[in-house]
Every structure is written in structure tokens, then in C-alpha cells.
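Structure first, then comments.
The values are calculated or read from the model by the stated rules, or taken from the named source; none is laboratory data. Note that the coordinates shown come from a computational prediction; the quantities given were computed from them, not determined experimentally. Glycine also receives a Cβ, built like all others from the backbone with ideal geometry; neighbour counts cover every protein chain displayed. In case anyone asks, the SASA skips ligands and DNA or RNA and just uses the protein heavy atoms, side chains included. Shrake-Rupley method; radii C 1.70, N 1.55, O 1.52, S 1.80 Å.
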Amino acid sequence: MNEKLLEIKNLKTSFRIEDQYYAAVDDVSLTVNENEVLAIVGESGCGKSALAFSLMRLHNRAKIEGDILFKGDDVTNYSAGQVNKLRGNEMSMIFQDPLTALNPLMKIGDQIGEVLLLHKGKFSNLNRKQKAISLLDKVGIARPEHVYEQFPHELSGGMRQRVVIAIAIANDPEVLIADEPTTALDATIQSQILDLLNELKENMNAGIILITHDLGVVAEMADRVAVMYAGQIVEVADVHALFGMPQHPYTRSLLSSVPNAESVDSKLHVIQGIVPSLKNLTREGCRFRSRIPWIDESVHEKSPELHEISPNHFVRCTCYKNFYFPDEKKEDKRHGIS
Amino acid sequence: MLRYILRRIFYMIITLFIIATVTFFLMKLLPGSPLSAENKLSESQREVVLEKYGLNDPIPVQYVNYMTGLVRGDLGISFHFDNTPVTDILINRMPPSMVLGGQALIFGTIAGILFGLIAAIYHNGWLDYTSTVIAVLGTSIPSFVFAGLLQWYLANEWGLFPVALWGTYAHTVLPTIALAIFPMATAARFTRTEMLEVLGSDYITTARAKGVTESGIIFKHGLRNSLIPLVTVMGPMAVSLMTGTLVIEKIFAVPGIGEQFVSSIEVLDYPTIMGTTLLFSVLFIVILLVIDILYGLIDPRIRLTGGGR
Ligand SMILES: Nc1ncnc2c1ncn2[C@@H]1O[C@H](COP(=O)(O)OP(=O)(O)O)[C@@H](O)[C@H]1O
Ligand code: SF4
Ligand SMILES: [Mg+2]
């Protein structure tokens, strides 16, 4: 691991619903290093996008507390002008839905040219065009000169996502946030886009935050993984540690839900239920206990904290020691700790 | 593109033919006779007049005669208004209405877009509420109320503009303002709603993530996208503005086509009714074509192929 690029400290992002603020991201602390892919996984609705949007300061009506240090500088204090200099330049983002992410009225070339012009004003028009075409080429678009002149509706979803990626990497960002970059695409295109990201990762020195609910994607790309549940981090670990020795019951459940996982009886170990909505989320005590009702009340912590159980492996709560799936015997705690 | 326009013109001719036919027969169904107002005429004089205008022929014959004239570009002569050729009536009466309507459309739309933009930018602030109130008032208060207020204050009290009549440019100012209020309010409402929706869309988030400044977001990315639906509403409005509005023309004593049209219906001046209707139809169809071309210019997703409507 190299230098710390991004340090997120006690980030709390709250949305206002009927006169009250509800935290969608609740006390999240994470670090992203140079040359590292940090994956953030969790079910839909757990606050992954809310976190990503907070980092890019893209929320227009949200209360954001805590610090976001970009190379030691707290960007939460940045003025609008400073934020605009950062976005699309040192920090950029790839979005989930390529079909809606591009301006339908602007040519592809102009949309890439715009981000070049905004940050590297020194490019002449001609150089900018050359640079844009080379970016299209870099993200694997055939006939880039032709696509340069096209409009988004003339391209397929996969192609558009490549364009979105080209925009994001145009100015060689130091931090790249990819919010479910392949979720909206069909399987073959998904793997193509992942290959592309993998390839780009090799050649960039960036810290990449990869948001996904797909553990297959994590296994393929990530160096470190943070597991999120209901706005909180429940486990952070090196990718090998996380896949090899998942600790938190939620992590174990997520891993068991991956098809073709090694474990034979994996399907049994998927915890049912969904993430509660923001308003209905219990904020007192543990947020996860309602999904594992078979666990004895006495083992739950009042307010579970993240503990470092081995170097750089953090798990919320101590009760992973007491957790078992319904079909396991209470004493049998070998699961996942091979 | 040229192919497309030619095709549209072909359809336009067919449409006009149908409109002429339908109007002709509907008009004949109107109760009364063109001469019913002329009580002084004796029975034999009546016969002479009816014969002169071809009104004694069977209706199908009248229809064929009219259409034959139409194809040659002859709109006939008015039964009233000193037997002026209908073409001359239209040429005299159309310009004031077009000038007023055109000005009202241009100023109203531009002002409306500005109001709508301000409202969207300061969403839920006092500027938003103020411009929403203005928009609601503008669409719900009838134009003659504004016309009266304008005449009273700007003309009578402060003497800035002529009260009424036609002649200099100053004469166009008050009726233009009175006419512009409705399109302005409509444009403001549409722009605000659309802009708010566009500002919440994903590509705006993408633009923000690129580092586009707030003014770039509004003017470069937002405005064009939010104008698309406005084009659709403003088209028909353009027609109704330029074909003259009876009320405004009456209040400001403007010699426009709106007033002329209404009085020609009152006296069943068949050739004038037909001529005016056809002229309005041409205007309408041309504006629809212009809108479609505008659409194609604003929105690359719309292809102008020869498909027609
Ligand atoms: N702008 C918003 N206003 C109110 N609630 C929001 C807003 N954005 C997200 N939420 C809520 O915050 C929670 C987290 O959402 P999100 O970050 O989109 O989840 P994820 O990306 O993990 O699927 C959800 O309950 C969602 O309904
Ligand atoms: S054991 Fe801890 S993490 Fe698990 S449900 Fe109980 S309090 Fe929550
Ligand atoms: Mg999301």
C-alpha cells in the first residue's frame, strides 16, 4: 500500500424526509490508497450511492457531517469553485446507468471535450479533439473518429458506458469512483467493461472505489473490501481475508448468496429480508439483529463498534463469535473460519 | 431534409383541399342568408344579387366553381365591404395581426423562459413563488383586463403610448404587451417544470461530476433539454396569436384579421370566411412544419425522414 489518497472520517450523510433528517450514511470511516481498488459491497439501499455522491459533493439537498480528506485537504470545506476544480479532474466518477448518464443533445466528442476544456484549458481545439479520440480508443471503442461525431442515442449501453468511463479518466484522476458500473448492463457486456476497468487500473496510479453488490466483481478487481449494511460499515478487510475468513454474519450471508460458491450448503446460509427504509431503520442498538432473530438476545451489543480482530481486518460487534446459521449447532462455529 | 419538406408540402396541399371542402359545406349549413341583413332590398333586387354571386346555383355547382377559382388563386370577391377582392382584404388585414402576434410571441416567450429559469434556479425561494404567482395570474386573468389596465395607466395616466388605433410603432406596444402575457405565463410555467425535471436527471449529475459550473449546468446542459417540450406548446399558440384576437383588436381598435373574420361570419360573407379560414390553415400547417424542423434542430434523436405525420 502506498500513500493515502482519500481519508473518510466519520462521514454522516442525512436526507430530510418530512421535517426530519435521517442518516443514509452513518459514521463511515474509510481510507483509499494510491494504486488500490477498494470495493464497497452491500445490498441495494444500504447507502453506497449516498456515500459516493457525498465524496463527489453531488448531493444537492443533504446534510453532510464528518471529514473527507483528499490528500490531507478537507474537501467538505471547499467552495463551489474549488469543488468544480476537483471534480472531473483529480476525482471523477462513473455512474450506474449509461443510458441516462450522457446528455442526449450533445455529441460524444463534445461531452468528452468539455471535461478536457474545463480542466486542461491549454489544449487547443484540435488537440482536444485528438485527445478525445485517443480516449475513445483507449476505452476500446472501434472507429473512434466516427463515434466522436455521434450522439448518445446512436450507441449501445455498453458503448455509452465506455464513453462515461472515457469522460471519467480523461484528466487522469487520482481517485476514481465507480458506482455499480456494470449493474445496468447484460452479462457479456458486464465482463467486457470489467476487463476494461481492470486494464485501466493497471495503467493508472489512481485509487479506485468500486461500488457493487456483485461479489464476483469484487473477487476479480478489489484489493480491499468494505461491507456496508444500513448506512454503516460492518466489515472491512483485505480481499483474501474477507473471502477466506468472513466474520460478520452479514458478510457471510452475502458470500453464501454468490452462485457457485465452494460451500455446498451455501443457499441455506443466506439471511433473508431487505434493508429497512431510511425512516423505518432502528437507530438504537444493532441494525442487523432483526434479520437474525434466532440469535439469543443476550449476545447482542448495545451499540456495536468496529473492532480490529486481526491487522487491518475490522468487524462490527463481537457477536460474530456467537453467531450461527439456523441449521448449525450453536457450538459449531467453524463456519467461515476454515 | 429537402425531400422531407417537399413531402410535407404535398401533404399540406391535400390537407388544405380537405379543409376547404369541409369548411365550404359547414358554412352553407349556417342558418340565414347573406342577404338577410339587407331589408331594404326588394324581391327582384334580391334575385339579381343572388344571381350575381352565383348563390342560386345548386350547392355542388357552387362548390366546384369555388374550388376551380381557388386552384387558379382566385379567392373571389367579398359580398360586403364594397365588393373588395378577398385577397385584398386579407393582404390589408393580416399584417397588423401578424405584427402584434409575432411580437407578442417573441417577447412573451423570451420573458417567459427567463422567468421560468429564475424560478427553477431559485426553486422554493421567494423568486420562485413570485414568478409562479405571476404565471398563474397571467394564464387565468383574461387579456382584456390587462388591456384595460395598460390603456388606463401607460396611455391615459402617464401618456407613454397611444391609447389605441394603428399607425406608428408606438401603437403596437400596448396591444403587444397585452397579448404577450398569456404566452409569457405559459412559457414560464413550462420552462420551470421542465428545468426542474432536467436538473434532477442523471446527465446533469454527470455534468456536475465533470466539474461544470452552475451556470454551465443551467445554460449549456439544462436549457436546451428543457426547451424541447416548450416548442410543442408554443407552436399552436403562435398560430392563435398571429391569426388575430378579436378582443385585443377591438379594444385597441387595430384593423386586424381577427375582427374582420368575426364580422364576416356575422354577415355570412362566404368568400371572406373561406379565404380567411384557408389562410389560417396555411399558417397553422406552416408553423407545424417549422416546429418539426426546429425539433430536429434541437433534438438529434428526432429524425426528419420522409414519413410525414
Ligand atoms: N436524495 C435522497 N433523499 C432521500 N432519501 C434518499 C436519497 N437518496 C437516497 N436515499 C435513501 O437512502 C438510502 C440509501 O440509498 P442509496 O445510497 O441509493 O443505496 P444504494 O446505492 O446502496 O443502493 C435508501 O434508503 C434511499 O431510499
Ligand atoms: S451480534 Fe452484534 S452485529 Fe450481530 S446482530 Fe447482534 S449486535 Fe448486531
Ligand atoms: Mg446505488
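Just a few scattered comments:
- Accessible surface for region A:1-144, divided over its residues, is 44 Å² per residue with a 1.4 Å probe.
- Size of electric dipole in chain A: Cβ of Lys, Arg +1 and of Asp, Glu -1, about Cα centre, debye, nearest 20: 660 debye
- Pairs exceeding a 20 Å alpha-carbon distance, out of A:Lys9/A:Lys302; A:Lys107/B:Lys210; A:Lys63/B:Lys220; A:Lys48/A:Lys85; A:Lys63/B:Lys210: A:Lys9/A:Lys302; A:Lys63/B:Lys220; A:Lys48/A:Lys85; A:Lys63/B:Lys210.
- Dipole magnitude for the protein assembly as shown: computed about the Cα centre from +1 point charges on Lys and Arg Cβ and -1 point charges on Asp and Glu Cβ, it is near 720 debye.
- Centre separation in Å (Cα based) which lies between region B:243-287 and region A:172-215: 64 Å
- Among beta bridges from DSSP that stay inside region A:4-222, the antiparallel ones total about 55%.
- Close amide-amide hydrogen proximity is noted between A:Lys71 and A:Leu6, A:Glu7, each under 5 Å apart and 5 or more residues distant or on a separate chain (H modeled in the peptide plane; Pro and chain starts excluded).
- Per residue accessible area in Å² of region A:145-224, where ligands, DNA and RNA are left out and the probe is 1.4 Å: 35 Å²
- Between 0 and 90°, nearest 10: helix B:59-71 axis offset from chain B longest Cα axis: 60 degrees
- Of the trypsin sites (Lys or Arg not before Pro) found in region A:34-93, those that fall in a DSSP loop while having at most 16 other beta-carbon atoms within 10 Å are A:Arg61, A:Lys71.
- For the protein assembly as shown, calculated [θ]222 nm from helices alone, where every DSSP H run of n ≥ 4 adds -39500 (n - 2.57): -15500 deg cm²/dmol
- With an a/c value of 1.5 or above and a/b not larger than b/c for the gyration tensor axes a ≥ b ≥ c computed over the alpha-carbon atoms, chain B is described as oblate.
- Rounded tilt (10° steps) of B:170-199 against the dominant C-alpha axis of chain B: 50 degrees
- Where labels lie 7 Å past Cα in the beta-carbon direction, separation of B:Val247 and A:Glu65 in nm: 5.6 nm
- 5 angstrom amide H check on A:Asn35, placed H, neighbours 5+ away: A:Ala206, A:Gly207
- Dipole magnitude (debye, nearest 20) for region A:72-191, charges at Cβ of Lys, Arg, Asp, Glu: 500 debye
- FRET E, pair A:Lys9, B:Trp126, Förster distance 41 Å, beta-carbon r, rounded to 0.05: 0.65
- Here the spin labels are modelled as points 7 Å beyond Cα on the Cα-Cβ line, and at B:Ile14 and B:Ile141 they lie 4.7 nm apart.
- Separation of region A:37-91 from region A:21-35 is 9 Å, based on Cα centroids.
- Local net charge near B:Thr87, Cβ-Cβ under 13 Å (Lys/Arg +1, Asp/Glu -1): 0
- Sparsely packed chymotrypsin sites (Phe, Trp or Tyr not before Pro) within region B:12-92, loop by DSSP, other Cβ within 10 Å at most 16: none
- In this calculation the C-beta distance from B:Gln45 to B:Ser240 is compared with R0 = 30 Å, giving a FRET efficiency of 0.15.
- Estimated FRET transfer efficiency when R0 is 51 angstrom, pair A:Glu297-A:Asn127 (beta carbons, to 0.05): 0.15
- Angle in degrees between helix B:223-242 and the longest Cα principal axis of chain B, rounded to the nearest 10: 20 degrees
- Label-point separation, A:Leu306 to B:Lys28 (7 Å along Cα→Cβ), nm: 8.8 nm
- Qualifying trypsin sites (Lys or Arg not before Pro) in region A:121-184, where qualification requires a DSSP coil assignment and no more than 10 other C-beta atoms within 10 Å, comprise A:Lys122.
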